[in-house]
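For reference, the structure is listed below as structure tokens.
Computed from the coordinates by the stated procedures, all read-outs in this text should not be read as laboratory data. Keep in mind that this is a model prediction, so the values were computed, not measured. Counting neighbours? That spans all protein chains shown, and the Cβs are built from the backbone with ideal geometry, glycine included.
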Amino acid sequence: MLVGAAIAAETVRLQRVQIESRLLAELPDDTAADPVLVRFAVSQARPLFAQHCAPCHGANMRGNPALGAPDLTDSVWLYGDGSVYEIERTILYGVRSGRSKTRNVTDMPAFGQRGLLTDGQIRALVQYLLKLDGRPHQAEAADEGRALYYGAPNCGDCHGSDARGDSDYGAPDLTVNVWNSGGDPQSLYDSIYFGRHRIMPAWRGTLSLEQIRALALYVHTVSHSPARLAAGAPEE
Amino acid sequence: MPPPIIATERRLTSELIRTLTRRPQRSWALPACSVALGLIAAACGLFRPAVRPVSAVPPGYVALVNQKGILMSDFIAQTQTETSTSFADTTPAERDRVLHEMIDEELLVQRGLVLDLPETTTEVRDTMASAVNAQVEAPLLAIAPTDAQLHAFYDAHRAKYTTGGTMTVHDLVLHVGGYENADQSVAQAETDAADAVYQLRSGASIDYVMEHFGFVDSGRVDNTEELDFAAQLHLGAKLYAVASELSDGEISDPIVDSDGVHVLVMDQRRPPRIADFPTARNQVYSDYRDAENRRAREENLRILRSEATILLAPGESE
Amino acid sequence: MRRATLIAGCGLVLAWHAAHADTASVSYSTWIVSGQNVTLRYVLPIAEAQRLTGVEVPVLTVSKLGDYVLRHEAVQAGGQDCPAIDQGYDLGKVDPLEVGPGLYGFEIFFRCPETPDALTLSNGALFAQVPTHVDFARIEQGGRFVERLFTVSRQRLRVPEIGPLPAEGLGPYLRLGLAHTLGSPERVCLLLAVLLLVRRGRDLASTLAALAAGYGVSLLAQATGLILARVTAIDAFVGLLIALLAALLARRATQAPVRAVVTVGWPALLLLLALLAALWHARQPALLLLAGALLSVGLLAASSEVDARGWAVHELLPVGLFGFLDGFVLPAMLAPLELAPRAQVPLVFGYDAGAWLAAALVVTLPAAAFVLLQRRQLAPPRSLVNDLGTACLGGIGTFWLLSRLHS
């Protein structure tokens with residue numbers, strides 16, 4: 001009986017090693033098309049996520065505005081296009097982690113603290129952002145904000161002339177009403193006033209390559225789940 | 001027939017073993033087990049497993065260079081950067097070229113380590129030190145200062161936030177012992193200069209004073225508006241110290257300098273002033289961040305020093 | 001008692017001296033011949049570099065050592081010197097390399113003035129200070145590596161004009177193996193201990209056969225490339241084997257109570273030392289002492305005390321074990337060259353063969369001399385020889401075991 005149990009355990013271990021090898025041997029974006037790999041990655045990544053990622057991104061993966069940790073269940077991505085490859089790069093090298101390959105082209109300047117914009121100007125910009133999101137806003141202030149957007153602070157340099165952001169820079173899309181640090185007017189004000197310089201640690205060296213690949217595939221799967229895509233909302 | 005003494009010894013040994021084991025038929029088994037265990041323990045202590053070089057590229061890597069892997073993800077990123085297209089759209093030739101370059105780079109890095117470049121090359125040392133400092137400073141980026149902290153920093157470093165002053169000044173000099181004043185002493189020149197100052201303060205013009213008292217323009221300043229630091233350079237410390245205290249239209253007392261007795265006539269004076277917080281806050285923000293980064297670097301060095309064994313040669317200090 | 005104490009004291013003095021005897025002097029050079037250029041990578045253990053201090057190298061610094069290496073390495077082509085190239089960037093003609101802990105490494109580029117017709121590689125480092133010094137060289141030519149030796153009697157190697165450089169024959173390695181055994185006090189003592197245990201010619205033959213079997217198994221094991229030996233631990237274990245053989249000798253030659261004390265006391269002492277080492281968190285010494293205790297109690301308990309029966313099979317185990325361990329010495333020495341395990345086999349075979357021949361000499365010559373002396377009734381009493389052997393070898397072996405474990 002003991003021998004049988006040992007053989008069974010060894011078989012399971014070998015199968016696992018085989019799937020792990022396949023998980024890494026495939027190109028990152030190709031793994032999402034293999035249901036066996038997806039199932040395996042999800043089973044491996046859930047406890048990893050709970051241990052390493054949930055403290056910032058939340059146990060339900062919906063993010064944490066206080067920390068600026070994004071919601072991972074939606075289809076809006078600060079960096080990249082939400083592909084397994086791009087998610088994996090972010091996990092490998094982090095955001096402003098101090099590593100040379102980290103995502104760190106720019107960050108949101110502290111326009112208010114630096115005295116580059118006055119209090120009134122920032123409030124006007126907030127109204128413009130609310131307008132971009134299709135939310136209730138003050139029309140006159142929003143017009144002033146629009147002029148500022150294309151004026152001296154030149155928000156379009158990073159956020160684009162169409163305000164749709166730039167995933168190469170990590171500049172968010174301002175038109176989809178998805179805000180990592182909170183979308184209420186006060187939070188928007190604080191973002192412009194204090195700037196945002198969120199960091200995500202680099203996990204290469206802390207987690208194995210298999211674990212990182214599994215996490216990337218897991219996050220990709222959750223964010224692209226059919227239920228969410230059909231209903232237009234994240235899967236619970 | 002063995003000698004009695006030997007037979008006795010045999011019996012004693014057997015009894016000893018029997019006493020220890022209580023099972024006479026195990027008298028050979030136990031020593032054999034002991035030897036076998038001893039050999040296993042010796043093998044563990046005397047040998048270690050050899051590190052077998054990896055003969056196949058592990059999954060997740062695109063190449064191994066002297067057992068050091070090049071990550072598939074890095075290869076994809078590099079290819080996309082160099083070709084400005086997505087990886088799937090790159091040609092095999094483009095991928096081959098990028099991989100070739102990455103392997104060359106890895107070989108050069110490994111060669112640099114073998115040559116101990118961090119020891120011998122200043123640029124490598126500087127880059128390594130900067131990279132370590134970048135890692136130390138990275139976590140601070142997420143900690144945005146509050147306005148109160150910025151204000152406190154500004155208050156503690158006010159003197160840094162001064163705007164530059166300017167002045168428009170005439171520097172008149174009465175040379176002592178020159179051709180026309182061959183017998184004139186310094187004291188006499190000072191007396192003459194005092195008279196000239198009185199006249200100027202009474203409304204006389206500079207030209208009048210120059211004509212009647214023998215003053216000339218020193219040539220140190222060009223009588224236009226100058227920034228304070230430039231005026232200091234031109235006038236010299238002694239004259240600048242006096243000029244910086246004059247206000248618009250004021251005339252200085254005579255000042256004895258190396259080339260004669262000077263009188264300064266201030267046309268316009270805009271003294272330096274400390275910028276208020278709203279004006280200076282951009283600079284204050286940058287300086288605050290720099291100060292925090294510097295503190296983090298110093299703390300890191302303090303920790304490194306506390307863990308290091310540093311010996312100085314006799315007579316050396318730091 | 002007084003005689004035993006006096007003999008043990010002499011043994012300890014001998015042990016102290018022998019424990020600090022010079023270790024083998026080796027260096028490593030890799031010569032890469034590529035057209036007009038020859039690249040030399042020279043690796044020198046720190047212990048070897050320290051031999052030069054004060055003589056050839058006034059103060060041991062990397063640059064002065066590099067200069068010494070440059071003075072003693074050369075390449076000639078067609079009778080003309082090939083100059084070393086200044087590599088710029090303040091490196092000069094000798095490039096220090098980072099080759100690992102305990103080693104100095106240097107790289108020198110030689111450029112020959114014209115396409116070389118015949119190259120001569122010269123290596124004269126350290127031979128003046130240490131005549132027994134050996135440089136293990138690898139010469140690469142056209143992608144093919146050949147292993148050769150530089151010794152005091154061969155400081156120049158000619159790379160032929162046509163065809164590859166032939167590999168080193170067995171002869172030099174045989175000589176190295178001979179010197180390895182004959183120049184090592186531990187190994188000579190162990191073989192003398194074996195000799196004291198031998199009673200008949202048949203025992204001698206089985207001893208030599210066990211030794212050869214040990215070397216053979218060792219050769220097979222190291223050819224797999226699966227395990228590497230810890231050389232300092234092997235030296236310590238050889239000390240243990242010497243003491244174990246002394247205990248076997250004592251057990252044979254003494255009466256019942258003393259035999260029991262030897263059978264139980266020596267392993268108990270080792271066990272106690274193992275416990276002390278474990279308390280001091282010295283894991284490896286504790287493991288070796290425990291291994292020694294288990295081996296000793298097993299072999300001593302099973303040992304035959306009957307002179308007429310001669311060797312029992314299990315009493316050949318220490319001899320075979322010694323051969324097995326000794327066979328790993330050359331692979332450990334060759335480690336910085338990073339040769340493939342199979343490439344080392346011919347080298348190790350020659351070395352082990354030389355070591356075995358030397359062992360055979362050490363064992364058979366004194367035995368033959370003793371027999372001759374016995375026939376002329378000039379031989380000392382067997383009991384004196386046994387007492388002398390037991391006390392000296394027991395003391396020496398124990399001292400070497402503990403001193404090498406401690407280091």
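Near C:Gly92, the amide H atoms lying under 5 Å from its own belong to C:Gln87; only residues 5 or more places off or on other chains count, and H is placed 1.01 Å from N. Screening chain C for DSSP H helices whose Cα atoms reach 27 Å or more along their own axis and whose mean Kyte hydropathy is at least 0.0 gives C:201-224, C:231-253, C:256-279, C:283-302, C:341-375, C:382-406. Counting only aspartates and glutamates at least 8 places from C:Lys64 when in the same chain, those with an alpha carbon closer than 18 Å to its own are B:Asp116, B:Glu119, C:Glu48, C:Glu56, C:Glu73, C:Asp86, C:Asp90, C:Asp95, C:Glu98, C:Glu107. Two tests apply to each whole DSSP H helix in chain A, Cα reach of 30 Å or more along its axis and mean Kyte-Doolittle hydropathy of at least 0.5, and the ones passing both are A:2-25.
Here C:Val264, B:Val263 are placed in order of increasing Cβ neighbour count within 10 Å, fewest first, which gives C:Val264, B:Val263. Put simply, the convex hull of the Cα atoms in chain A casts, on average, a shadow of 15.1 nm².
Look at where the Cα atoms of the range A:160-191 and of the range C:188-241 average out, and the two centres are 76 Å apart. Placing a label point 7 Å from the Cα of A:Asp34 along the Cα-to-Cβ direction, the residues of the range A:1-20 whose backbone N falls under 11 Å from that point are A:18-20.
Note on chain C: helix-only mean residue ellipticity at 222 nm, from DSSP H runs of 4+ residues weighted -39500 (n - 2.57) and normalised by residue number, equals -19000 deg cm²/dmol.
Of B:Pro118, B:Pro31, B:Pro139, the residue with the greatest mean-square motion in the GNM of chain B, using alpha carbon springs below 10 Å, is B:Pro31. Shown for chain B are the DSSP H helices of 24 Å or more along their axis, judged by Cα atoms, with a mean Kyte-Doolittle hydropathy of at least 0.5: B:29-46. For chain C, set up a Gaussian network in which alpha carbons nearer than 10 Å are linked by springs, and say which option among C:Pro96, C:Pro336, C:Pro113 fluctuates the most. Highest fluctuation of the listed residues: C:Pro113. Could you let me know the centre-to-centre spacing of the range A:1-80 and the range C:333-355, using Cα atoms, in angstrom? Distance between centres, Cα-based: 47 Å. For B:Trp28 and B:Arg297, FRET efficiency with R0 = 56 Å and r from the beta-carbon atoms, rounded to 0.05? E(calc), rounded to 0.05, equals 0.20.
Suppose R0 equals 22 Å; then what is the FRET efficiency for B:Glu82 and B:Ala131 from their Cβ-Cβ distance, rounded to the nearest 0.05? Efficiency for this residue pair is about 0.45.
Of the residues C:Trp31, A:Trp77, the one with the fewest other Cβ atoms within 10 Å heads the list, and the complete ranking is A:Trp77, C:Trp31.
Dividing the alpha-carbon radius of gyration of chain B by the rule-of-thumb value 2.2 N^0.38 Å gives 2.23.
Under the simplified labelling scheme, the C:Ile32-B:His234 pair shows an inter-label distance of 6.6 nm, with each label point 7 Å from Cα along Cα→Cβ. Extension gain for B:Asp248 to B:Arg48 (0.36 nm times residue separation, less C-alpha to C-alpha distance): 63.1 nm. The value given for the range B:102-207 is a Kirkwood hydrodynamic radius of 22.3 Å, derived from the mean inverse Cα-Cα separation.
Magnitude of the charge dipole for the range B:30-112, about its Cα centre and with charges confined to Cβ atoms of Lys, Arg (+1) and Asp, Glu (-1), is about 660 debye. Put simply, the convex hull of the Cα atoms in the range A:26-166 casts, on average, a shadow of 11.0 nm².
Both the radius of gyration and Dmax for the range C:361-407 are 14.8, 46 Å, in that order, over alpha-carbon atoms. In this structure the amide hydrogen of A:Arg196, modeled in the peptide plane, comes within under 5 Å of the amide hydrogens of A:Met108, none closer than 5 places in sequence on its chain.
With the convex hull drawn around the C-alpha atoms of the range C:319-407, the volume per residue stands at 119 Å³. Projecting the alpha carbon convex hull of the protein assembly as shown along each direction and taking the average yields 68.9 nm². The simple spin-label model puts a point 7 Å past each Cα toward its Cβ; for C:Glu140 and C:Ile46 those points are separated by 2.8 nm.
Computed from the C-beta positions of C:Glu338 and B:Glu15 and an R0 of 60 Å, the FRET efficiency is 0.60 to the nearest 0.05. Rg of the Cα atoms in chain C, relative to 2.2 N^0.38 Å, amounts to 1.14. From helices alone, chain B scores -17500 deg cm²/dmol at 222 nm; the rule is -39500 (n - 2.57) for each run of n ≥ 4 DSSP H residues, then divide by the residue total. Cβ-to-Cβ counts within 10 Å put A:Tyr79, B:Tyr208 in ascending order as B:Tyr208, A:Tyr79, the fewest first.
Structural size metrics of the range B:54-159, computed from C-alpha coordinates, are Rg and Dmax of 21.3, 65 Å. Here the simple spin-label model places points 7 Å from the Cα toward Cβ, and for A:Asn60 and C:Glu114 these points are separated by 8.7 nm. For A:Lys101, the lysines whose Cα falls under 25 Å of its own Cα, not counting residues fewer than eight places away in the same chain, are B:Lys68.
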